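J.: Below are the structure tokens for one structure; questions will follow.
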Amino acid sequence: ICRLVAGMPLAVELAASWVDMLALDEIGNELKQGLDILESELRDVPERQRSMRASFDYSWRQLDEADQTVFSQLSIFRGGFTRPAAQEVTGASLRRLSHLVNKSLISFDRGRGRYVVHELLRQYGAEKLAQQTELEAITYDRHSDYYCQFMAAYTDALKGKGKREALFAIEAELKNVLIAWNHASTQQNIEAIGMSLEPFWRFYWDFGKRELSEFEGAVAEFRKGEANGARGIVLGRLLAPLGRSYGSRGDTAKAREMLAESLDLLRRLEATEEGLIPLLFQAEVQDSMEESNRLYREGLALARAVGDRWAIAHALLFMVGNARLTGDYQEAEQLGHEALNQFRQNEDEIGAAVALNELSLLATDRGRYEEAVTLSRESISLTRRFNPMVRIIGLFPLGLALYALGEYGEAEEQF
């Protein structure tokens, strides 16, 4: 309850007045629905202290019309916002934002360089915005366009150099990105979804999230029309990472079906380059090692033809795993070093870390345990600056190598 009202004293006191009638979880659920529960029946207190709505109404009446318009529009943001975002989405000037800060309707977090709206105030502003249908629609469109373009700007960084900064920048805006993505999906905005879908799935993948529920929604929306032209290409591109997510969760039949649909659609529309990603993802979910390798070789050739360095490294990396499983250690080692060099050329620290892990596992398979430990420790050093889901990827290969060396205590620590 304290989190829902962000510690606002009057809100805490008004929520507490319900404890004789409602269980605490019921109060919490009511708070999630809106402000109306935050009202007291006491009449021996000033009017604006009897409810949060009355308190906010009092503050609202102190604003001029321009301030009211901007404040209601700012309610669209989640998790705060930057000054450029506010200016682009609402047209708010620095002076206007400063005025709202002085009125205590928004606050500025200097440490993060972000403006913040108290959640209860945000709900109040959202109610005001909903009363102006045309303004609300315009605001949602601008917000969606802004954050889809924001995502698109990190497409290249997420493939290599600048990945860490990109991941943290997107993480800080993820709540806004989700609002923007869902709006663009509902509106079937081909351009917005097209520019943001690749960085979106790359971000989720690097953060260890395998369930792409947002892509499920987008696919459902884009299936409502004809799968032709730019619309069909976007649908094909949406299906690829969604199919891969099914594969990563063990539903390989669904994954193969979805990836085949993606590839067929993109080939029919002669979107050769766009077909590269579903081709590589399709190789990951094959039961037949021979078919998997055939698809990887086809994908590798296409990646080299179009100059996609990320796809080259990706194909090489997964071919390492296939070679290891079939016992072709010499081929695996050659491919592993080639993949590692490609990731290093791309300045992709996470990719390089994964390649080092493959080489570590290979060294363990071949009885070169000290080398395996060295490779794993190098992998861990590359991921130290990233989030926990990334940092754990080197621990298992290191644990295996230490176990093989008889270093059971340290191996257990890594596991």
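J.: Every residue in segment 381-415 that is within 17 Å of residue 205 (Cβ to Cβ) and in contact with a Phe, Trp or Tyr (Cβ under 7 Å, 6 or more places away or on another chain), please.
T.: 387, 389
J.: Let me ask another. Would you mind telling me which numbered condition in (1) over 15 Å from residue 59 (Cα atoms); (2) open to solvent by less than 50 Å² (accessible area, probe 1.4 Å) residue 119 fails?
T.: Only one criterion is unmet by residue 119, namely (2).
J.: Condition check: within 30 Å of residue 169 (Cβ to Cβ), modelled with pLDDT of 95 or more and part of a helix (DSSP H, G or I). Does residue 395 satisfy that? Outline the logic, then answer.
T.: Working: within 30 Å of residue 169 (Cβ to Cβ): yes; modelled with pLDDT of 95 or more: no; part of a helix (DSSP H, G or I): yes.
In short, no.
Yes or no, residue by residue, for (1) open to solvent by 50 Å² or more (accessible area, probe 1.4 Å); (2) closer than 20 Å to residue 277 by Cβ:
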| residue | (1), (2) |
| --- | --- |
| 173 | no, no |
| 193 | no, yes |
| 199 | no, yes |
| 210 | yes, yes |
| 219 | no, yes |
| 230 | yes, yes |
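J.: Moving on to the next point. Mind checking which residues of segment 128-148 are without any contact (Cβ under 8 Å) to a residue 60 or more places away in the chain, open to solvent by 40 Å² or more (accessible area, probe 1.4 Å) and part of a helix (DSSP H, G or I)?
T.: 130, 133, 134, 136, 137, 138, 141, 142, 145
J.: Output the residues belonging to segment 175-191 that are under 20 Å from residue 233 (Cβ atoms), part of a helix (DSSP H, G or I) and open to solvent by 10 Å² or more (accessible area, probe 1.4 Å).
T.: Residues of segment 175-191 that are under 20 Å from residue 233 (Cβ atoms), as a first pass: 181, 184-191.
Going one step further and asking which of them are part of a helix (DSSP H, G or I), we end up with 181, 184-186, 190-191.
Selection gives 186, 190, 191.
J.: Of the residues in segment 236-259, how many are assigned to a helix (DSSP H, G or I), open to solvent by 10 Å² or more (accessible area, probe 1.4 Å) and either at pLDDT 95 or above or not hydrophobic (A, V, I, L, M, F, W, C) (or both)?
T.: 10
J.: Within segment 284-312, which residues are aliphatic (A, V, I, L, M), open to solvent by 30 Å² or more (accessible area, probe 1.4 Å) and free of Cβ contacts under 8 Å to residues at least 24 places away in the same chain?
T.: The answer is 301, 305.
J.: If we keep just the residues of segment 104-116 that are assigned to a loop (DSSP other than H, G, I, E, B) and in contact with a Phe, Trp or Tyr (Cβ under 7 Å, 6 or more places away or on another chain), which is surrounded by the most Cβ atoms within 10 Å (Cβ to Cβ)?
T.: Looking at the filtered set, the residue picked out is 106.
J.: Filter segment 313-353 for residues that are among the β-branched types (Val, Ile, Thr) and crowded, with 24+ Cβ neighbours inside 10 Å and give the result.
T.: 320
J.: Return the residues of segment 153-171 that are surrounded by 19 or more Cβ atoms within 10 Å (Cβ to Cβ) and within 15 Å of residue 80 (Cβ to Cβ); say none if nothing qualifies.
T.: The one that is surrounded by 19 or more Cβ atoms within 10 Å (Cβ to Cβ) and within 15 Å of residue 80 (Cβ to Cβ): 170.
J.: Would you check which residues across segment 209-233 are hydrophobic (A, V, I, L, M, F, W, C) and under 18 Å from residue 177 (Cα atoms) and list them?
T.: Hits for segment 209-233 are 212, 215, 218, 219.
J.: Within the group 362, 375, 402, which residue is in contact with a Pro (Cβ under 9 Å, 6 or more places away or on another chain) and buried (at least 22 other Cβ atoms within 10 Å of the Cβ)?
T.: Matching residue, one of 362, 375, 402: 375.
J.: Just checking, does segment 296-310 include any residue being hydrophobic (A, V, I, L, M, F, W, C), in contact with a Leu (Cβ under 8 Å, 6 or more places away or on another chain) and closer than 19 Å to residue 243 by Cα?
T.: no
J.: Cβ-Cβ distance below 6 Å, separation of 6 or more or different chains: which pairs start in segment 320-332 with a residue that is closer than 17 Å to residue 300 by Cβ and end on one that is assigned to a helix (DSSP H, G or I) and open to solvent by 20 Å² or more (accessible area, probe 1.4 Å)?
T.: Listed by first residue and then by second, the contacts come to 320/358; 322/289; 322/293; 323/331; 332/324.
The values are calculated or read from the model by the stated rules, or taken from the named source; none is laboratory data. For clarity, every value in this text was computed on a predicted model and none was experimentally measured. Positions of Cβ are generated from backbone atoms using ideal geometry, with glycine treated the same way; all protein chains shown enter the neighbour counts. When the accessible area is computed, the model is the full protein with side chains, heavy atoms only, and any ligands, DNA or RNA have been set aside. Shrake-Rupley method; radii C 1.70, N 1.55, O 1.52, S 1.80 Å.
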